[in-house]
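The values are calculated or read from the model by the stated rules, or taken from the named source; none is laboratory data. The structure presented is a predicted model; accordingly, all values stated were derived computationally and were not measured. Methodologically, a virtual Cβ is constructed for each residue, glycine included, from the backbone with ideal geometry; neighbour enumeration extends over all protein chains shown. All accessible areas refer to the heavy atoms of the entire protein, side chains included, with ligands and DNA or RNA removed. Shrake-Rupley method; radii C 1.70, N 1.55, O 1.52, S 1.80 Å.
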Amino acid sequence: MHDRLFEAALGIAPPWSVTGVRFDEPAKVLTVAIDYAAGSRFAVPGVAGEHPVYDSLTKRYRHLNFFQHECVLEVRMPRAKLPDGSVRLVEPPFAGKLAGFTLLFEALVLMLGVQMPFAAVARIVGISAHRVMAICERYVALALQAADFHAVTALAIDETSRARGHDYITLAADAVNRRVLAVAEGREAKTIAAITTELAERGCPAEQIDSVSIDMSPAFIKGCTEQLPNARITFDKFHVVWHANAAVDKMRRIEQRSDKALKGLRWTLLKDRASLRPAATADLDALVARMTTVRTARAWVYKEQLREILERRQINVVRAMLKHWCTCVMRSKVEPMKEVAALVRRHLEGIVAWAQTRQTNGFLEALNGLFQAAKRRARGFTRFSTIRTVIFLIAGKLDFTAVNPHAR
């Protein structure tokens, strides 16, 4: 009776069956013995037909806990003799993708690995953090092998810090479905080449990409121009406005040395006016009223004008207005904003493309906090492959059910 209950719980079907259950009370370990029926023949992947058993060996698989106790499956596994005389081990249907674990156990580790550090998962399931990491890496690799990126035509590319200093990784995401597709080390032009190679291996050749959004990094521009010949480069407005905000803050820091009234206005100048509290709005209005004498006020007005231009959708209108804006800024005495105007002139067509594509890296920027949490989740593991695994776990939207039906 108990054997049939265990068979039902494990999803075991003939010729496999539970032949015994024993509990080691001092070690708190439940062992379930599983065997196959005498005279059984087994199918072997890649070889037609069913084949007789040559001999057998016993293997142990870690399974889900039985109540609070560790559960191990002790399986007598057949080795089938093939027509060509070779002998092949036959895995039971519940065997996992990593040696020594069942599919259900691996599904639990994968589910927990998406939510918490590997060390915490290891404490919960009772295996080492290295084994937890190995399971997650294996599943990410298998899910990526099964993934098909043939429908991807628009990319969003951005970098994030991997460690302190100038250690970066670059992420390429599907701009439509907002899922990470590739991860590469560095943020140079050759990094884009590594990304396009990885995408091509998954059914997305470089020629297929017709649009890519990046920041204004010269390395990214060079890499995308060389590696994505058919892609239209877009610089989204958030990057452009970020540069304008930085110019406003730089002007404020310079001018507040002689004008103490500018102290404490940093966030008032950087935030969207609609989100300010009444008192902050009044302070901002008072500052703008001094536009003729305070360069910080003029810098803020230029920034808001730039933001309004980038809200428009007519390409020719946006191009003409940006050119006029640059001319006005260059004639002013707001030196930090002149740097932004020069930047806009150098990347005019990519900025104008935003009016049509509306393609943005905003979702990657939003995920940056998750990526930084991923570094903490993988603490103790400095390998790039581990960071890559965690990023795909949290932002790859991979279909693990194609690898393990129990994985959600």
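Okay, here's what the table says:
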read-out	value
Calculated from backbone phi, Karplus (6.51, -1.76, 1.60) coupling profile of segment 40-54 in Hz, x at Gly/Pro	5, 10, 10, 7, 10, x, x, 10, 5, x, 10, 10, x, 7, 8
Check: segment 129-254 dipole with +1 on Lys, Arg Cβ and -1 on Asp, Glu Cβ, in debye	520
Rel. contact order, % - alpha carbon contacts under 8 angstrom, at least six apart, segment 201-348	21
Potential lengthening between MET330 and ARG22 on full extension [0.36 nm per residue; Cα-Cα distance subtracted]	102.5 nm
Partners for LYS59 among lysines (Cα-Cα distance below 21 Å; same-chain residues under 8 apart left out)	LYS28, LYS81, LYS97
Rounded to the nearest 20 debye, dipole of segment 219-266 from Cβ charges on Lys, Arg, Asp, Glu	300
Surface accessible to a 1.4 Å probe, GLU91 within the full protein complex, Å²	100
Shape category assigned to segment 120-206 from the gyration tensor of Cα positions, a/c cut at 1.5	oblate
Share of carbon and sulfur in the accessible heavy-atom surface of the chain [1.4 Å probe, %]	54
Relative contact order (%) - segment 276-405, alpha-carbon pairs under 8 angstrom, separation at least six	17
Neighbourhood net charge (10 Å Cβ-Cβ; Lys/Arg +1, Asp/Glu -1) for LYS333	+3
Lysines with Cα under 23 Å of LYS303, excluding same-chain neighbours fewer than 8 positions away	LYS237, LYS250, LYS260, LYS263, LYS271, LYS323, LYS333, LYS338
Most mobile of ILE387, ILE254, ILE127 in a GNM of the chain (Cα contacts under 10 Å)	ILE254
Heavy atoms of ASP167: accessible area, 1.4 Å probe, square angstrom to 10	60
Where segment 1-54 is the region considered: accessible area per residue in Å², 1.4 Å probe	63
The chain: angle of helix 362-377 to the longest principal axis, Cα-based, in degrees nearest 10	50
Heavy atoms of SER128: accessible area, 1.4 Å probe, square angstrom to 10	60
Where segment 256-345 is the region considered: accessible area per residue in Å², 1.4 Å probe	59
Answer label, with mean projected area of the Cα convex hull in nm² calculated from the coordinates and candidates [x] 21.9; [y] 28.1; [z] 19.7	[y]
Heavy-atom surface of segment 177-254, accessible at 1.4 Å and reported per residue (Å²)	42
Candidates ARG187, ARG277, ARG383: whichever shows maximal mean-square fluctuation once the chain is modelled as a Gaussian network with Cα springs under 10 Å	ARG277
Reach of LYS222 by Cα under 16 Å, taken over lysines that are not fewer than 8 positions away in the same chain	LYS190
Most to least accessible of ARG331, ARG138 (protein chains only, probe 1.4 Å)	ARG331, ARG138
Cα centroid separation - segment 105-146 against segment 1-72, whole Å	23
ILE124 paired with LEU370, simple spin-label distance in nm, labels 7 Å along Cα-to-beta-carbon	1.8
